[in-house]
1. Just to be sure I understand, if you calculate Rg and Dmax of the Cα atoms in Å for this structure, which of [x] 27.4, 90; [y] 28.4, 99; [z] 28.6, 92 do you get?
2. Give the angle, between 0 and 90 degrees and rounded to the nearest 10, that separates the Cα long axis of helix 311-322 from the longest principal axis of the Cα atoms of the chain.
3. Using the Karplus equation 6.51 cos²θ - 1.76 cosθ + 1.60 (θ = phi - 60°), what ³J(HN,Hα) coupling, rounded to whole Hz, does each residue of the stretch 18-35 give in order, writing x for Gly and Pro?
4. Taking H placed 1.01 Å from N in the peptide plane, check which residues at least 5 places from S387 or on another chain put their amide H under 5 Å from its amide H.
5. Rounding to the nearest 10 and keeping the result within 0 to 90°, find how far the Cα-based axis of helix 461-476 lies from the longest principal axis of the chain.
6. For the pair D465 and L766, what calculated FRET efficiency results from E = 1/(1 + (r/R0)^6), where r is the Cβ-Cβ distance and R0 = 56 Å, to the nearest 0.05?
7. Taking the Cα atoms only, what angle lies between the long axis of helix 507-525 and the longest principal axis of the chain, rounded to 10 degrees?
8. Rounded to the nearest 0.05, what FRET efficiency do Y334 and E621 give with R0 = 41 Å and r taken as the Cβ-Cβ distance? Could you check?
Amino acid sequence: MIYIIEKDRFILETANTTYAFRILPTGQPEHLYYGRKLHFPLNGKEPTAEALDSLTEKHAFQPGNCIQYDPEHPQYTLEEIRLELSAGGKGDFRDPFVEIVHADGSRTSDFVFLGAEKRTGKEAFRTLPGSVDDADVTEHLVVYFEDRSYKLKLELHYYVYEDCDVITRSARLINESDETVHILRLMSTQLDFDMPGYVFTTFHGSWAREMQRDDKLISAGRLVNQSNFGSSSSRANPFVMLSGPHTTEDAGDCYGINLIYSGNHYESVEVNAYGKTHFLAGINPQGFDWQLAPGEDFEAPEAVMTCSHEGFNGMSVRMHHFVREHIVRGEWKYKTRPVLLNSWEAAYFDIDENKLLRLAKAGKDVGIELFVMDDGWFGKRDADNSSLGDWDVNKKKLPGGLDGLCKKIRANGLDFGIWVEPEMVNTDSDLYRAHPDWTLEIPEKPHSEGRNQRILDLTRTEVQDFIIDKMTEVFSSAEITYVKWDMNRPFSDCYSRALPPERQGEVAHRYMIGLYRVMKTLTERFPHILFEGCAAGGNRFDLGILCYFPQIWASDDTDALCRASIQTGYSYGYPMSVVTAHVSACPNHQTLRTTPLETRFNVAAFGVCGFECNFVDMKKEELLAVKAQIALYKEWRDVLQWGTFYRGRSFAGMQQGNLACAGNAPIGGDAGNLTEWTCVSHDQRRAVGFLMQKLAVPNSTFHTYFARGLREDQIYRFSNRKLKIDIRNFGDLINTASPIHVKQDSLLMDIAAHFVKMDGETEDVLVSGDSLMYGGVHLKQSFGGTGYNEEVRYFQDFGSRIYFMEAQNQNGSKSE
């Protein structure tokens, strides 16, 4: 709900939050409040004219050594006021929301209030993706400002998503003058707070170690989270949080902010001389310089904001709801995602039709639903230094082409998908030889490459059209139901030969506009295809991509220990229904670590689960285990893909030394050693829990699992998956129970292991939801070196369990 009070005061309400600001007598918008929902005195059904008085700062005299905005208002200096937008030149010395160089060389901006209007519905952006509202009930506030000195108009847009407790913001600058201006920055959102002492949480990393949480207390100065990578990047995801120093997963104030943008981004938080906290998010101003000619306008990406006083989980639940409802769209918005097998780690570039068919057949036998042929199927693509851009089938590898292979795969009962990397080109390709000017590189200068490839210049319409036409040809050539769209390098020597020298500051943003046009065209042309975004793993994991592709490959790192940390990081800002995760072979191809197959599955099951194993060479026992895992996943897939996700304890957080997580660590050996997740169906009748330990702690045998999100008064049956434990896992210890001596790693041990299995522990109790959440389930003790039987949990290094909770009647029968 949006209230406009006497034309210059504004209250935006969602189901559980309030956002308020007013217009100062000087014409600037003063931010008043954003947080848990407030109640105001009413005049009829609307707040009274005095409703915001208690939130408004009182100014009688300005502080010393400051700039007076104008002589008519000597009490105001913009530096000490919370604002909806900051600009330079008039006494506000904070990081600016807008920065413009005018034709006369001036950098002063002075935007003052013109008026406001309320609308209904969410219209599309002209050049960028944005949130959507299928019901067309979103309320929209537009506040108009003008810099009268330079005839520029600035619009601030606010969209209220009541159902998700989300408010989105964007800005639009219109040049109504007769002269071209240079935009050096136009942010998407600004949040100002009364006090210092917030914790700024960012998610950093690199290839194969994305989304590592980092917390910093900001009491003075400025902290910046940014990408100048050409993409949103694995180095610094655009999702960030602001929270109190004592906020935990379940209590305390937390603000989550994200950007619907896939390019260079910038998030900063600073505390100024007056103790006020100032936050900005938008396009990274580093290297950005956009020429805005008379009559033109420029739109900033949409920023997404939510908050909760119920901790990080409370914020995440709201953000997840918003992403599912108002970012992801199309046929696959709520369509069940298939269990896939990807060929990459099984074969890399060394593929041919016979090898792929054998792999697909082995996948079908264990329950795979979709087979994906990864890189290596086109041109002369036997390594990463050739053929990108030449999207014609290699007939030596696939004699029947894509259609021939697809028909054979489908005849085996599987859907068929492929890998592409349309934004890239190798210099050893027919495309590059024909169009060397189609890449981003500085003419006649040495070029610094990444992964032996160059980036096509998507600022050029003819390049966009080539990709659209060529991908249309590929996607139409067979009954393809899935496409993995990759992008494997950062930008370097970022220069477009299609633009004059003075407009090179526009290249990175124009690239994104071109990319979005390509993605929009192809996803609308092929609505039945499940598109998955990828960029060397999570190098472009953002809301901009999710507007076109309903899921993204989270990381090239499939190591279960790493993935537990990575997926925990993503879960703060993204629902698990958009995070893809695969079970792969061990030793892991990225870390050489060996983790239990059960743990690899358990971690992947909490994302959109797939496999990346060579089933053709896999041992029979492992294949049987995988078959059982896939059957179990299908049984609980509706909860795991579409349920509400909650975090418990996390070794990912403890690795970073987080302020909040450190305060939550349990006493004893569990501190920083456990990761705990719960995913709950929307009706709260079914749930899946996860508990993983990093390292076994000697003589520390007791663990407790705490659920989240259940109905307090509901009775649940809490159970686990019954496992059989391979006796070889105990090594020489089996001789303490064996009637004959068995040499470790001997043929005799292998034969015995084929016939003899150790029973795993059984958990099966009836328990109330409140007991599950607040008392926890005290699990069967884990192995501690003093004995093992079916009452003991085999819980080694990197060990894990998944648990199931189903609603029951009071007598213990299953509740329908």
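1. Computing Rg and Dmax of the Cα atoms in Å and matching it to [x] 27.4, 90; [y] 28.4, 99; [z] 28.6, 92 gives [y].
2. Here the helix axis deviates by roughly 80 degrees.
3. 10, 10, 9, 8, 9, 9, 5, x, 7, x, 8, x, 8, 6, 10, 6, 8, x
4. N426, D428, S429
5. In the chain, helix 461-476 runs at an angle near 30 degrees to the longest axis.
6. According to the calculation, E is roughly 0.35.
7. 60 degrees
8. Here the calculated transfer efficiency is 0.65.
The values are calculated or read from the model by the stated rules, or taken from the named source; none is laboratory data. Just so you know, these numbers come straight off a predicted model, no measurement behind them. Ideal geometry is used to build each Cβ from the backbone, glycine not excepted, and the neighbour counts take in all protein chains shown. Ligands, DNA and RNA are stripped out before the accessible areas are found, and what is left, the full protein with its side chains, is counted by its heavy atoms. Shrake-Rupley method; radii C 1.70, N 1.55, O 1.52, S 1.80 Å.
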